[in-house]
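Student: If you scroll down you'll find the structure; I have some questions about it.
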Amino acid sequence: MKFFDSATVKSRSAAFTLVELLVVISIIALLIALLLPALASARAEALSVACASNERSMGQAMEQYVGTWHGFYPGNEMVNGKNKGTNDFCVWVPRLMTVMGLGSAHLFYCPARSLSMQYLGYMYPISTGTPPFGYGRGYVLAGFGYREGQEVLYLGNDWQATSGPQTSLPAFSYGYNDWGTLGVAPPAGDSSGGKGLGGDMIAWPGNGGYPQVRITAVVNPSQMIAITDRIDDATHGDSKYPFIYNSDPTRSNVALPISSIPGVVQWAEWPGAIHNNGSNVVWADGHVSYETQKNLVQVNPAQGGSQMNMNWNNDHQIHAPVTGYY
């Protein structure tokens, strides 16, 4: 008869068999498979909340800006500079930064986007040409362009970088409602500046732009779209599209066939589909809410888009695009 000492018995009883190990591994794998979608969903929700917080800061800044500048919204961009060329300068971002502070640049980056889209508060236009009058070469700080020579955020066109990081324009996280549902500009003879919150601003007398939009022109601020997440042109097919800081529900610009939503052709200035196929929206009264991209761009009254059409327009009326289509 063979006898086993107690140490041997304890050692064998403490060991796992191969079958037991496989069972444990299978259970762990099952738990991981069950938890990963929930973790991914929780992460996406956290990023959406962080983005909404950024936009809430923009909404508060917009309220302060309107109060500071005698009831005027910032407007989207300055066009052409003093020499009436084809240079475009985004102004809504640096104008809001004047009340948010120079350290606020990070708030113009949605954390759900690629790190390459981070806005650092400046660009690096490196050009062999002559910069427009009143603008320095090499860097752009947080000026806001109310007086000649004040710096604004430069984002391209004919003064395009020939070397360095600006040879292709970066994508930008957020877009400003410049023209409403008019798409491009007001109808001929209309000097109101469109139906959004200000498109091509007057940089100096005779420049052919439009005045900043007054708060009194906005009939229903709580139902007037001001800022949205926007589509990522650099990712979705057009890395040199210059208007990377606009938001527009019409189809009057560049179609982007590569889409983050299967089967949906997106357009170059559409609100984004970043958060669960939708976008956080800053309204003209400063509050923030979530809307699906599908709802935001359904502005065709014949297809049930009457309410959303009005939400893009400062007079809260239905308007068809001047060019392009719904």
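The values are calculated or read from the model by the stated rules, or taken from the named source; none is laboratory data. Note that the structure is a prediction, hence the values are computed from the model and not measured. For neighbour counting, all protein chains shown are included, and Cβ atoms are generated from backbone atoms with ideal geometry for every residue, glycine included.
Student: For segment 202-252, enumerate the residues that are at pLDDT 70 or above, among the polar types (S, T, N, Q) and not in a strand (DSSP E or B).
Tutor: The answer is Q212, T216, N220, S222, Q223, T250, S252.
Student: Among the listed residues F89, F72, F4, which satisfies the condition of being among the aromatic types (F, W, Y), within 22 Å of the chain's Cα centre (by Cα) and modelled with pLDDT under 80? Give the derivation first.
Tutor: Working: F72 fails: modelled with pLDDT under 80; F4 fails: within 22 Å of the chain's Cα centre (by Cα).
Exactly one residue qualifies, and that residue is F89.
Student: On to the next question. Please name all residue pairs, on different chains or six or more residues apart, with Cβ atoms under 7 Å, provided the first residue is in segment 60-71 and is over 18 Å from P211 (Cβ atoms) and the second residue is of a type outside the set (D, E, K, R) and outside any loop (DSSP other than H, G, I, E, B).
Tutor: Correct list of pairs: A61/L96; A61/V99; A61/M100; Q64/V99.
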